[in-house]
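Written below as structure tokens is the structure these notes are about.
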Amino acid sequence: MQKQQRHSVVRSITRRILFFSCITVLAIVFSSLNVIRVKTITLISADSLEITADEYIIAPDNPYILLFHEQGSSRGEYHTIARRLCKLDYNCLAVDIRNGGNNSHVSNETARRCRNNRCTTGINDIGQDVTAAIEYAYGKSKLPVILFGSSANGSLSLKLAVENDNVRAVVALSPGEYFMPSIKIQDTISHLKKPVFITSSKAEFPYVEELASGIEKDYVSLFEPKQGEGHRGTESLSVDYDDNTEYWVALILFFRDLM
């Protein structure tokens, strides 16, 4: 019994050391003085819809992380997150997808054009917007991209990663079965053989764990919040919440393993 208690204490101390070491790494990474240049651009989807995106550039030849907001939102959802991700030596492209609305006082210009043009917004239509972003970013750096999506667009990112050879990895925040009955994401992504990071709030975690159950364990990293109930989607990474640090630590460790 005493031996088990000693092992438990050692594991607890080890976890604390690792956690505080990661916090130190966070501080160093996010205090980087790299200059981030931001510009708003437009892309063209396969059905000729103009897509608005904010491009965050560290260096022209760096690989890209493509950021896709949750349904009903906009690229403004990633205003702070994109700048932090750039400190990891990635360029970022925060994209207005047609299934959006407004967030962080930023209008979704793609969704507005889509309404004006009465274009369709099914999963394949939304997928065209994501594919246009992949083609743009891959064309700039000639390197495979990382898809980073929230909610329904996190699910879509997982699906498209199976289909697109120019996708290297996926980060999905609070994904789910948003496209039933036409497509069951759990079945679609069971063939995914690329690195995947999936997280959510504590309440959602059993659900997203089941969603990812078909992916081979060597490819998937699941993170469940330990310091509280956590948050869904990009709120989990928001500086507005004190428990965002543990999410960032887990995410940075995932990116470290991609290097």
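Mind listing just one residue for me: the one in region 53-87 that is aromatic (Phe, Trp, Tyr) and assigned to a strand (DSSP E or B) and, of those, surrounded by the fewest Cβ atoms within 10 Å (Cβ to Cβ)? It comes out as Tyr56. For Phe223, the conditions (1) closer than 21 Å to Leu49 by Cα; (2) surrounded by 16 or more Cβ atoms within 10 Å (Cβ to Cβ) all hold with the exception of (1). Residue selection: Thr52 fails the criterion of being in the same structural domain as Tyr178 (by TED's automatic domain parsing), out of contact with any His (no Cβ under 8 Å at 6 or more places or on another chain), of a type in the set (Val, Ile, Thr) and without any contact (Cβ under 8 Å) to a residue 24 or more places away in the chain. Sub-9 Å Cβ pairs linking a first residue in region 123-136 that is in contact (Cβ under 8 Å) with a residue 40 or more places away in the chain to a second residue that is among the basic types (Lys, Arg) and part of a helix (DSSP H, G or I), at least 6 apart or interchain, are Ile123/Lys159, ordered by first then second residue. Taking the conditions (1) more than 13 Å from the chain's Cα centre (by Cα); (2) over 24 Å from Gly127 (Cβ atoms) in turn, Glu163 satisfies each one other than (2).
How do the helices (runs of 4 or more DSSP H) wholly within region 88-204 filter down when requiring 3 or more residues that are hydrophobic (A, V, I, L, M, F, W, C) and within 19 Å of Ile44 (Cβ to Cβ): which remain? Even if it seems obvious, please write down each step before you answer.
On the way: elements: 109-117, 123-141, 152-163, 185-188.
Ranges flagged: 123-141.
Across region 204-218, not a single residue is classified as farther than 17 Å from Ala250 by Cα, in contact with a Phe, Trp or Tyr (Cβ under 8 Å, 6 or more places away or on another chain) and not small (Gly, Ala, Ser).
Within region 69-83, residues that are touching a residue at least 24 places away in the same chain (Cβ under 8 Å) reach partners that are in a loop (DSSP other than H, G, I, E, B) and of a type in the set (Ser, Thr, Tyr) with beta carbons closer than 7 Å, at six or more positions or on different chains, in the pairs Glu70/Ser151; Gln71/Ser151; Gly76/Ser104; Glu77/Ser104; His79/Ser104. Inspection of region 193-212 finds a residue satisfying the criterion of being more than 23 Å from Ser238 (Cα to Cα) and of a type in the set (Gly, Ala, Ser).
In region 135-150, what count of residues is obtained for those that are surrounded by fewer than 24 Cβ atoms within 10 Å (Cβ to Cβ) and under 25 Å from Ile183 (Cα atoms)? Break it down into steps so the answer makes sense when it comes.
From region 135-150, those surrounded by fewer than 24 Cβ atoms within 10 Å (Cβ to Cβ) are 135-136, 138-144; that's our starting set.
Next, only the ones that are under 25 Å from Ile183 (Cα atoms) stay: 135.
The total comes to 1.
Checked against the criterion of being more than 17 Å from Gln128 (Cβ to Cβ) and under 21 Å from the mean Cα position of the chain (by Cα), region 46-54 has at least one qualifying residue.
The values are calculated or read from the model by the stated rules, or taken from the named source; none is laboratory data. Treat the numbers as computed from the prediction; the structure is a model and nothing was measured. All Cβ positions, glycine included, derive from the backbone under ideal geometry; neighbour counts span all protein chains shown.
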